[in-house]
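The structure under discussion appears below in the form of structure tokens.
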Amino acid sequence: MKVAVSATGGSPESTVDPRFGRCPYYVIMDTETMTSEVLSNTSMGAPSGAGIGAAQIVAGKGVEAVLTGAVGPNATAVLSQAGIKIVSGVKGTVREAVESYKSGSLQPAADYGQGGLYTGRGTGRGMGMGRGMGRGMGMYQNQPQTPMQPPTTPMTREQEIDALTGQMELLESQLKELRKRLEDLSEGRS
């Protein structure tokens, strides 16, 4: 079975990142062979929709479960629709998380899409001006109200250094790609 773990770095020894949509990396691990593949989270810096983009990236890798600290409601909807199990509240290293999942000590959360953790009707004033294009309308209506989980414990100094280093590497990579594209455009290449 393949599982995706939100990570602060690009290896199984990296710390689990508490943020699914804004983590710098996903470590995809095969629970039988314990081999891994690392994905950069290209949605991490998105001004909005990071969770949805991240969920689509992970779903495209054919994983059966996601291990992370916390997942927002939009990413939860995408993951659930793809049939991916969600395990939140995960801590430790990626390898430790996968081992715990394999042993059964980490269990998927209840079905979020059916009135689980993220429910409610919203408290906004309708200032979105229709840009949601109807996605998700009524998805959580008539569900019992449950409070959202508080954020996981703050990152340690080492975790924050790992996370910032991963973010910096991703930004440097994106900047390099932008420079190359600008150069190609300036020289008339498409």
**Message:** For the condition modelled with pLDDT under 95 and in contact with a strand residue (DSSP E or B) (Cβ under 6 Å, 6 or more places away or on another chain), what is the one hit in ALA109, ALA77, ALA54, ALA50?
**Reply:** ALA109
**Request:** Tell me, please, whether a residue that is touching a residue at least 40 places away in the same chain (Cβ under 8 Å) and touching a Phe, Trp or Tyr at 6+ places or on another chain (Cβ under 8 Å) can be found in the stretch 33-42.
**Result:** yes
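The values are calculated or read from the model by the stated rules, or taken from the named source; none is laboratory data. Keep in mind the model is a prediction, meaning the values are calculated, not measured. Don't worry about glycine lacking a Cβ; one is built from the backbone with ideal geometry, like all the others, and counts go over all protein chains shown.
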